[in-house]
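Below: one structure, written as structure tokens.
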Amino acid sequence: MYISPLHVNKQLIMACHLTGVYDVNRNTTLPNNNYELVQNWAESVAALKLTGIIFHNNFTASTCKKYQNKYIHFVKVDYDPQFNPNIYRYLIYRDFLRTHLAKIESVFVTDIADVVAVNNPFIQPLFVANPNAIFCGDEPKTLYNDWMIAHAAHLRSKIADYTLYEEKFKQSALLNCGIIGGNSQIMLTFMEKLAQIHEQYNHDNQTAYTGDMGAFNYLMRTQFNQQVLHGSPINTVFKAYELNKTDCWFRHK
């Protein structure tokens, strides 16, 4: 993976678009060179004059040249099919932050097909006043719900204290990994731990679920619970399709 130092800004919003492999969340295989899938994300970041990086494996050189501009940059990566794309993105973010940490102050990583940036998160009073926080999305449900019980079956069978964590935090809000951000050092620490969970426990996951939400909530609640800030104004209500809401940092469906 390579990106010119000229394109590494102190504040970054990053996302991954990995295609050509079956997506268990969408029950389909995303087409390789469809820019429309990332267009809303890219245009929203550029409209705020922020630096956005799209890590991808299958956009053509002509597509990248056509849509890259002073705000949006494309970085081609080699995809490892051992991991689901939802999982492999965290390894990409970890490696990128390791390489460029000295040049980055703050960063958000988000989903790309269903998230748009609405306001510059890095200048918001809540962000500025909490330099040691991890900011993330959430959902209007508790952690212990039918979907999460099924989603976490593989991790539950692998991680010794996973069941204890589920019991302890079962009434806590379900955090959503579609939006994660904070200062670069905290984000690197978090991404290293998250990538380790996936490399150690989730590489052989053969279930119908990716394990990304399970690993994310487990790590956040067991090791970063005192630092996490979520919900309004960071994100809109998940799947509420609040298309006209403008007092948030990110809109997530």
Would you say TYR201 is surrounded by fewer than 22 Cβ atoms within 10 Å (Cβ to Cβ) and under 28 Å from LEU37 (Cβ atoms)?
-> no
For residues that are of a type in the set (Val, Ile, Thr) and without any contact (Cβ under 8 Å) to a residue 40 or more places away in the chain, scanning just region 62-88, find the one that is surrounded by the fewest Cβ atoms within 10 Å (Cβ to Cβ).
-> THR63
Before we move on, is ALA133 surrounded by fewer than 22 Cβ atoms within 10 Å (Cβ to Cβ) and farther than 30 Å from LYS103 by Cα?
-> no
Say whether the condition of being outside any strand (DSSP E or B), modelled with pLDDT of 95 or more and within 18 Å of LEU219 (Cβ to Cβ) is met by at least one residue in region 113-129.
-> no
Restricting attention to region 136-157, which residues are surrounded by 15 or more Cβ atoms within 10 Å (Cβ to Cβ), more than 16 Å from the chain's Cα centre (by Cα) and either of a type in the set (Lys, Arg) or not in a helix (DSSP H, G or I) (or both)?
-> LEU143, TYR144, ALA152, ARG156
Look at ALA195 and say whether it is over 29 Å from ILE104 (Cβ atoms), in contact (Cβ under 8 Å) with a residue 24 or more places away in the chain and either open to solvent by less than 50 Å² (accessible area, probe 1.4 Å) or not acidic (Asp, Glu) (or both).
-> no
From THR246, THR222, grab the single residue that is in a helix (DSSP H, G or I), touching a residue at least 24 places away in the same chain (Cβ under 8 Å) and either open to solvent by 40 Å² or more (accessible area, probe 1.4 Å) or closer than 30 Å to ALA102 by Cα (or both).
-> THR222
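The values are calculated or read from the model by the stated rules, or taken from the named source; none is laboratory data. If you're wondering where the values come from, they're calculated on a predicted model, not measured in any experiment. When we count neighbours, we look across all protein chains shown, and the Cβ atoms used for this are built from the backbone with ideal geometry, even at glycine. To get the accessible areas, we keep the full protein, side chains included, count just its heavy atoms, and leave off ligands, DNA and RNA. Shrake-Rupley method; radii C 1.70, N 1.55, O 1.52, S 1.80 Å.
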